[in-house]
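Only one structure is covered here, and it is reproduced in the block below.
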Amino acid sequence: MSNDTGPNFQQNVSRALNDKQLRKNFKFAMGNFILKRKQIFSDESKTEQLRQVGNAIKRRVLSQLPQLLEELEEKCTRNGIQVHWAETTIEANQQVLRIMNAHQATRLVKGKSMVSEEMGLNEFLQQNKIEVVETDLGEFIIQLNDEKPSHIIVPAIHKNKQQIAEIFHQKLADTPYTEKVEELNAIARRILRQKFFNAQVGLSGVNFAVAETGTLCLVENEGNGRMSTTVPPVHIAVMGLEKVVEKLADIPPMLRLLTGSATGQLITTYVNMITSARKPGEKDGPKEVHLIILDNGRSEILADPQLRQTLQCIRCGTCLNHCPVYTRIGGHAYGFVYPGPIGKILNPQIEGLKKAGELATASSLCEACAEVCPVKIPIPQLLRRLRNESYASGSIATVKDGGYKKNVIETIGWKGWEMMNTHPHINAIGNKIMSRLGAKIPKIGPLKQWTRYRTAPKFAPKSLHQLVDEEGIQDE
Amino acid sequence: MNDASRAQILKRLHAATQQQPVDTPEMADLPVELLTPPQKIETLKAHMEAVRTEVHVVAARDWTKLLKKILKKRDLKTLLYAPGTPVGSEVQKAWAEEPERLPELVSYKDNIENFKEQLFDIDAAVTSTVGGIAETGAVILWPDEKEPRLMSLVPPIHIAILQAAKIYTTFSEAIQAEDWAQKMPTNVVLISGPSKTADIELTLAFGVHGPKELIVLILKDE
Ligand code: SF4
């Protein structure tokens, strides 16, 4: 992703909208997720209380983020976890490779990690002759088919079982075609058990890292995360720097919010809390544990008092599930690692507005995401802000490529608009002109774009002001 | 390279929080209704059964009898256990009394490097737990030297022994009561059910990587 301009979003959207199967798969799955979340958070006032706690915990984290990261580093180091810092994804990738090389390791098993997707880790390691195996069933499926996740929680949700059956049959040796989910599952279990058995290094993400104790918390249902972090002799965990929390006591409410929002579960099958490498006398667990803390633009996001709320995100995915746009176009159409509402605010800030700013426009600002977000990120507000930033309309413009859409004609146009609305006389003249000629403005340029899916408004022969005057109502 | 990155990142973060401090709202305590001991057993059982865990409530002195019954029904060859733990000792005693038709007892005799092959071939494991969480339905394991981490993960059947008195209403309560923050071990795991996935069309399938069956025996002192 080194080019300046991003993927062709418009084209992707049209393609997705025309894919009936895709739309059916997403509609079914998202409906299901919404329902399950509702069941677990059935008591509205309790849910609201819990979300307030989640919001407060994350804001407290942001208020002392550097101190907490330093504490996390200190505690981890004391427990024998080696901490590395990476400014960029390139640096993080190289750190992973260096650790692999130090062990002459060529086989890596991976638990699900969105940060590793952000790093483009798989491609990087494969270029360096390392076998990378995704072990989460959904990730395994899409890796076989050389695809990217279309959802941050259920990465293969865009595929139905016929498609998955076909992938297994085509890509895995000696695998007969079967659509039975139990059988597909058993095939994956058999193959991946062998991979766990032989892996030299296991890699995982981190859901929460506790500064107080130096503990890495991972939640999952399958057990592949526990396998990846326990069987191989070396474990590497990668995390975005916003994943730290202050204390162990913060974990229970955050956990409730995460599992309830993500999959409508009271708790996942496993909550795996790792505080140290294998100690003398212990018989299993990795002898070496590494933690890579990735910045990749996050520290700059923290500098903006409004946009920093983006860093509260716990990657639960529920804003995707509730988004009318995501549900119709699916995850791939966005063309970036993080799809849906969270992607629309995160990608433009990480990748820059020029490349990803268009994402912020793909929203009707319906507020559904803000209503369900477990840490109460006001996503629509941030979307509006990013739209404005593209034109840098008088702001401090801290966002990368801020103001890249600014153009003279538009600036003059808005200045004129401002003048008209602050000077009553000019306003009156303007109104007169528009009521006569408004309908005759040719539909070219931006107006053509604008009226493609909208009917152009009809200008009334008389302005509201005039009507009010004629009625004899006193103007306050 | 690394130290420079660390310094740069921290510098930016410090500058960001100092120039524009983040306002932190007051945090209200979440209300909790503490459950009575029988309620705790009931709630934990209901939640865990809902995610397909087999839960039995049994008198403390009879638990090995029940364990034998459960195992015989399944016709297994090997059972991994942890000698030297209270649970392990009782298993050993019970097996000594009546070894026939029971799976052979195997212990985690060596480091994983030398035990891996055997471990991946074992049919079932029995472990202790340090407690349970009623509100969400989960058992808490603190693996240690005697009871290694992979016992509860690799064998297809995991049997977890839980003392009824060690069930807490909430996870928060467990953390506080046992002062976890002061003594976090290498690994803590909460387990609520058998391994599962819904990655294919959201259809639930069990035993994808970890145990296909989780059996919890809740021991009650009469
Ligand atoms: S923005 Fe909120 S709802 Fe969306 S993934 Fe992040 S935490 Fe979940």
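The values are calculated or read from the model by the stated rules, or taken from the named source; none is laboratory data. Predicted model, so just to flag it, every value in this text is computed and none were measured. Cβ placement follows ideal geometry from the backbone for every residue including glycine, while neighbour counts extend to all protein chains displayed. Note: accessible area is taken over every heavy atom of the protein model, side chains too, but ligands, DNA and RNA are not part of it. Shrake-Rupley method; radii C 1.70, N 1.55, O 1.52, S 1.80 Å.
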Problem set entry | Accessible area per residue in Å² at 1.4 Å probe, computed on the protein assembly as shown | 45
Seminar exercise, completed: Summed over the other residues with a beta carbon less than 9 angstrom from that of B:VAL22, with K and R at +1 and D and E at -1, the charge totals +2
Problem set entry | Threshold 20 Å², the stretch A:69-90 residues less accessible with all protein chains present than alone (1.4 Å probe) | A:GLU70, A:GLU73, A:TRP85, A:GLU87
Problem set entry | Value of [θ]222 nm, deg cm²/dmol, for chain B, DSSP H segments ≥ 4, -39500 (n - 2.57) each, nearest 500 | -10000 deg cm²/dmol
Exercise. Okay, helix-only estimate at 222 nm for chain A: each DSSP H run of n ≥ 4 adds -39500 (n - 2.57), divide by all residues, round to 500 deg cm²/dmol; what do you get?
Worked result: -15000 deg cm²/dmol
Problem set entry | Per principal axis, descending, Cα span of the stretch B:35-220 in whole Å | 44, 42, 35
For this session: Before anything else, pin down the relative contact order of chain B: Cα pairs under 8 Å, at least 6 apart, normalised by residue count, whole percent.
Result: 25
Problem set entry | Using θ = phi - 60° and Karplus 6.51 cos²θ - 1.76 cosθ + 1.60, couplings along the stretch B:115-124 (whole Hz; Gly, Pro as x) | 10, 4, 4, 5, 4, 6, 10, 7, 7, 7
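Just by accessible area at a 1.4 angstrom probe, what is the order of A:ARG226, A:ARG384, B:ARG52 from largest to smallest?
Details: A:ARG226 5, A:ARG384 105, B:ARG52 155 Å².
Ranked from most to least accessible, the order is B:ARG52, A:ARG384, A:ARG226.
Using the Kirkwood radius over C-alpha pairs as Rh, can you work out the diffusion coefficient of the stretch A:1-78 via Stokes-Einstein at 4 °C, viscosity 1.567 mPa s, in µm² per second?
Answer from the Stokes-Einstein relation: 74 µm²/s.
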For this session: Could you give the size of the charge dipole of the stretch A:408-471 about its Cα centre, using +1 on the Cβ of each K and R and -1 on the Cβ of each D and E, expressed in debye and rounded to the nearest 20?
Result: 500
Exercise. Taking springs between alpha-carbon atoms closer than 10 angstrom, which of B:SER192, B:SER89, B:SER152 fluctuates most in the Gaussian network model of chain B?
Worked result: B:SER89
Exercise. When averaged across all projection directions, what area in nm² does the alpha-carbon convex hull of the stretch A:301-456 cover?
Worked result: 10.9
For this session: Take every residue in peptide B:138-145, count the Cβ atoms of other chains within 10 Å of its Cβ, and give the average of those counts.
Result: 3
For this session: Name the most mobile residue of B:ALA198, B:ALA138, B:ALA16, meaning the one with the largest mean-square fluctuation, in a Gaussian network model of chain B with Cα contacts below 10 Å.
Result: B:ALA16
Problem set entry | Lone cysteines, chain A (no partner Cβ under 4.7 Å) | A:CYS76, A:CYS217, A:CYS313, A:CYS316, A:CYS323, A:CYS366, A:CYS373
Exercise. Which net charge results when you count Lys and Arg as +1 and Asp and Glu as -1 among the other residues whose beta-carbon is under 13 Å from that of A:GLU367?
Worked result: +1
Problem set entry | Heavy-atom accessible area, 1.4 Å probe, ligands and nucleic acids excluded: residues of the stretch A:301-318 down by at least 50 Å² from chain alone | A:ARG308
Exercise. If all Cα-Cα distances of the stretch A:408-471 are sorted into 5 Å bins from 0 onward, what percent lands in each bin, rounded to whole numbers?
Worked result: 4, 15, 18, 24, 22, 11, 5, 1, 0
Exercise. What angle, in degrees between 0 and 90 and rounded to the nearest 10, separates the Cα long axis of helix A:424-437 from the longest principal axis of the Cα atoms of chain A?
Worked result: 90
Exercise. When Rg is the radius of gyration of the Cα atoms in the stretch A:41-299 and Rh is its Kirkwood radius, what does Rg/Rh come to?
Worked result: 0.97
Exercise. Mind checking the alpha-carbon convex hull of the protein assembly as shown and giving the volume per residue in Å³?
Worked result: 182
Seminar exercise, completed: Once accessible area is computed for B alone, A alone and the pair with a 1.4 Å probe, the total buried surface, to the nearest 100 Å², works out to 7800
Exercise. Which FRET efficiency value, to the nearest 0.05, is calculated for A:LYS247 and A:LEU17 with the Förster distance at 60 angstrom and r the Cβ-Cβ distance?
Worked result: 0.85
For this session: Could you compute the FRET efficiency for B:HIS56 and A:GLU48, with r as their C-beta to C-beta distance and R0 at 41 Å, rounded to 0.05?
Result: 0.60
Problem set entry | Dmax and Rg, reported as Rg then Dmax, of the stretch A:188-287 (C-alpha, Å) | 14.2, 40
Exercise. Can you give the extra length, in nm with one decimal, that the chain gains between A:THR88 and A:ASN198 once fully stretched, where that is 0.36 nm per residue apart less the Cα-Cα distance?
Worked result: 36.6 nm
Problem set entry | Space enclosed by the convex hull of the alpha-carbon atoms of the stretch B:135-194, per residue, Å³ | 93
For this session: Treating the angle as unsigned and between 0 and 90°, give the value, to the nearest 10°, between the Cα long axis of helix A:44-63 and the longest Cα principal axis of chain A.
Result: 80
Exercise. What shape does the stretch A:1-159 take by its C-alpha gyration tensor, where a ≥ b ≥ c are the square roots of the eigenvalues and a/c under 1.5 counts as rounded, a/b above b/c as prolate, and the rest as oblate?
Worked result: oblate
For this session: Name the residues of the stretch A:184-209, by number, that are at least 50 Å² less accessible with every protein chain in place than in the isolated chain; the surface is that of heavy atoms, probe 1.4 Å, without ligands or nucleic acids.
Result: A:ASN185, A:ARG189, A:ARG193, A:PHE197
For this session: For chain A, give the percent of accessible area contributed by carbon and sulfur heavy atoms, probe 1.4 Å, rounded to a whole number.
Result: 54
Exercise. Once the Cβ-Cβ distance between B:MET27 and B:VAL130 is put in as r, and R0 is 25 Å, what FRET efficiency do you end up with, to the nearest 0.05?
Worked result: 0.35
For this session: For the stretch B:80-123, count all C-alpha to C-alpha pairs, find those more than 12 Å apart, and express that count as a whole percent of the total.
Result: 63
For this session: Can you send over the carbon and sulfur percentage of the accessible area for chain B, probe radius 1.4 Å, protein chains only?
Result: 48
Exercise. Expressed in nm to one decimal, what extension gain is obtained for the pair A:ILE441 and A:GLN10 from 0.36 nm per residue of sequence separation less their Cα-Cα distance?
Worked result: 152.5 nm
